[in-house]
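K.L.:
So that we are looking at the same thing, I have put the structure below in structure tokens.
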Amino acid sequence: MTRLLTAFLAAILLLPATASAHDKLTVVLDWFVNPDHAPLVVAKNAGIFDRHDLQVDLVAPADPNDPPKLVAAGKADVAISYQPQLHMQVAEGLPLRRIGTLVATPLNALVVLRDGPVKTVADLKGRKIGYSIGGFEDALLKTMLGEYGLKLTDVTMVNVNFTLSPSLYTGQVDAVIGAFRNFELNQMDLAGKPGRAFYPEEYGVPLYDELILVANKDHLQDPRLSRLLDALEEAVAMLHNHPDESWAAFIKGDKSLNDDLNRRAWRDTLPRFAPSPRALDRHRYARFAAYLARQGLIPKALPVDSYATELK
């Protein structure tokens, strides 16, 4: 009996170490926590990561340009980034691969005041357009203007940093490029200055993934990455099946998220999450790479395998 009790106690002592030994994983976000990150936050707060034996640390960066660089340098496991930036960063030599998709549609938009003088993209001729980050946003605007026979030289570009909506309120600019349709439009509406959005994909810009997950190309065999994607797929299903419980999980760790802007953004972002985060549409990525090459943002369209993969 003593030997049996000793063996039983020894077995019990081993169980917690096995059951709770979650693998740590660091995910650096693209910016501060917001509804764009709902699958990650819900997976963490609702115990989904736990079920996949993961302890995931979600880190907001001091600079939104840093996350892919941290992954490239081996100082973080995964970064939330943007498909357009991925193409350009790989062309510059960063050892990155897209391993998953978070937001599967563009969020970027050209936004004006709903009651302002700009009713169509053609009305932008001779007007001021605010932007935060040059490069890709210039290419978007160039393509959209080109649908009406206009060029970038037909407008005046004004760097408003990250004060996109306020620059419209105050009349500093007549339009802004780079506004997220799920945030700035809601922000403007809450401020009593409703906006109108022109969507790039309706003006000649190929569809692309807005938010993606990137990892170091030398670490793609890490089993934690596949489990992360499985957990995110489960989290997206929860978001759709149980939106109220998901919202409660989202704000669980930070009650400041429980405000009108985030609730509206949550509603508008929900249908845009990739239901199968690991799935890769190779044709879509190749088509967008060709577009960036035509715009001069990358030297040439690289093979899809050189910047994106679908983990097994």
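K.L.:
Using a 1.4 Å probe and counting only protein heavy atoms, arrange His52, His283, His87 so the residue with the most accessible area comes first.
P.N.:
Result, largest first: His283, His52, His87.
K.L.:
Using only Cα atoms, find the angle between the long axis of helix 260-269 and the longest principal axis of the chain, and express it within 0 to 90 degrees, rounded to the nearest 10.
P.N.:
Once rounded, the angle reads 90 degrees.
K.L.:
At Leu220 and Lys119, where each label point lies 7 Å from the Cα along Cα→Cβ, what is the point-to-point distance in nanometres?
P.N.:
5.1
K.L.:
Tabulate in residue order the Karplus-calculated ³J(HN,Hα) for segment 39-55, using 6.51 cos²θ - 1.76 cosθ + 1.60 with θ = phi - 60°, rounded to whole Hz; enter x for Gly and Pro.
P.N.:
Going residue by residue, I get x, 5, 5, 5, 4, 6, 7, 9, x, 5, 4, 4, 5, 9, 6, 10, 10 Hz, with x marking Gly and Pro.
K.L.:
Going 7 Å from the Cα of Val59 in the Cα-to-Cβ direction, what parts of segment 76-101 have a backbone nitrogen less than 16 Å from that spot?
P.N.:
What the label zone holds, given the 16 Å backbone N cut-off, is 76-81.
K.L.:
Please work out the FRET efficiency for the pair Glu310 and Ala248, using the Cβ-Cβ distance as r and a Förster radius of 25 Å; give the result to the nearest 0.05.
P.N.:
0.15
K.L.:
Anything over 24 Å Cα to Cα? Flag those among Lys69/Lys217; Lys151/Lys193; Lys252/Lys312; Lys69/Lys252; Lys24/Lys69, in the order listed.
P.N.:
Lys151/Lys193; Lys252/Lys312; Lys69/Lys252
K.L.:
Okay, moving on. On a 1.4 Å probe surface of the protein chains, which of Val33, Val42 comes out largest in accessible area, and what is the full order?
P.N.:
Descending order: Val33, Val42.
K.L.:
Let me ask something else about it. From the protein chains alone at 1.4 Å, what is the descending order of accessible area for Glu92, Glu310, largest first?
P.N.:
Numbers: Glu92 145, Glu310 85 Å².
Descending accessible area places them as Glu92, Glu310.
K.L.:
Determine, for each peptide in 130-137, 205-212, 149-156, the mean count of other beta carbons within 10 angstrom over its residues, then list the peptides with the highest first.
P.N.:
Values: 130-137: 18.1, 205-212: 21.2, 149-156: 13.2.
Top to bottom by mean Cβ count within 10 Å: 205-212, 130-137, 149-156.
K.L.:
Right, next: Could you check the spin-label model distance between Thr163 and Phe32? Points 7 Å from the Cα along Cα→Cβ, value in nm.
P.N.:
For Thr163 paired with Phe32, the spin-label model returns 1.6 nm.
K.L.:
What is the chain by shape, rounded, prolate or oblate, if you read a ≥ b ≥ c off the alpha carbon gyration tensor as root eigenvalues and call it rounded for a/c under 1.5, prolate for a/b larger than b/c, and oblate otherwise?
P.N.:
Since a/c reaches 1.5 and a/b is larger than b/c, the shape of the chain is classed as prolate.
K.L.:
Here is a follow-up. I need to check one value: relative contact order of the chain, counting alpha carbon pairs closer than 8 Å and at least 6 residues apart, in percent. Mind showing how you got there, number by number?
P.N.:
On the way: 519 pairs, mean separation 81.7, N = 312.
Computed over the chain, the figure is 26 percent.
K.L.:
Still on this model: Between Ala286 and Tyr199, what is the FRET efficiency for a Förster distance of 22 Å, r being their Cβ-Cβ separation, to the nearest 0.05?
P.N.:
Result of the calculation: an efficiency of 0.50.
K.L.:
Another question, then. State, to one decimal in nm², a quarter of the convex hull surface area for the C-alpha atoms of segment 221-262, i.e. the direction-averaged projected area.
P.N.:
For the Cα atoms of segment 221-262, the hull's average projected area reads 3.8 nm².
K.L.:
Considering only protein heavy atoms and a 1.4 Å probe, what is the carbon-and-sulfur percentage of the accessible area of the chain?
P.N.:
Details: 7870 of 14610 Å².
Its accessible area is 54 percent carbon and sulfur atoms.
K.L.:
Mean residue ellipticity at 222 nm from the helices of the chain, using -39,500 (n - 2.57) per DSSP H segment of n ≥ 4 over the full residue count, to the nearest 500 deg cm²/dmol?
P.N.:
Helices in the chain give a 222 nm mean residue ellipticity of -11500 deg cm²/dmol.
K.L.:
When the label point is put 7 Å from the Cα of Thr153 along its Cα-to-beta-carbon vector, which residues of segment 107-141 have a backbone N closer than 15 Å?
P.N.:
126
K.L.:
Which value, in Å² rounded to 10, gives the accessible area of Asp23 with a 1.4 Å probe and all protein chains present?
P.N.:
About 60 Å², rounded to the nearest 10.
K.L.:
For segment 157-307, what mean projected area does the convex hull of the alpha carbons give, in nm²?
P.N.:
Dividing the Cα hull surface by four gives the mean projection, 11.9 nm².
K.L.:
Which whole-number value in Å² is the accessible area per residue of the chain, probe 1.4 Å? Please report the intermediate quantities before stating the final value.
P.N.:
Values: 14610 Å² over 312 residues.
Computed with neighbouring chains in place, this is 47 Å² per residue.
K.L.:
Considering only DSSP beta bridges whose two residues both sit in the chain, what percent are antiparallel, to the nearest 5?
P.N.:
Just about 55 percent of them are antiparallel.
The values are calculated or read from the model by the stated rules, or taken from the named source; none is laboratory data. Everything numeric in this text was worked out from a predicted model, so none of it was measured. Methodologically, a virtual Cβ is constructed for each residue, glycine included, from the backbone with ideal geometry; neighbour enumeration extends over all protein chains shown. Just the protein is used for accessible areas: all its heavy atoms, side chains included, with ligands, DNA and RNA removed. Shrake-Rupley method; radii C 1.70, N 1.55, O 1.52, S 1.80 Å.
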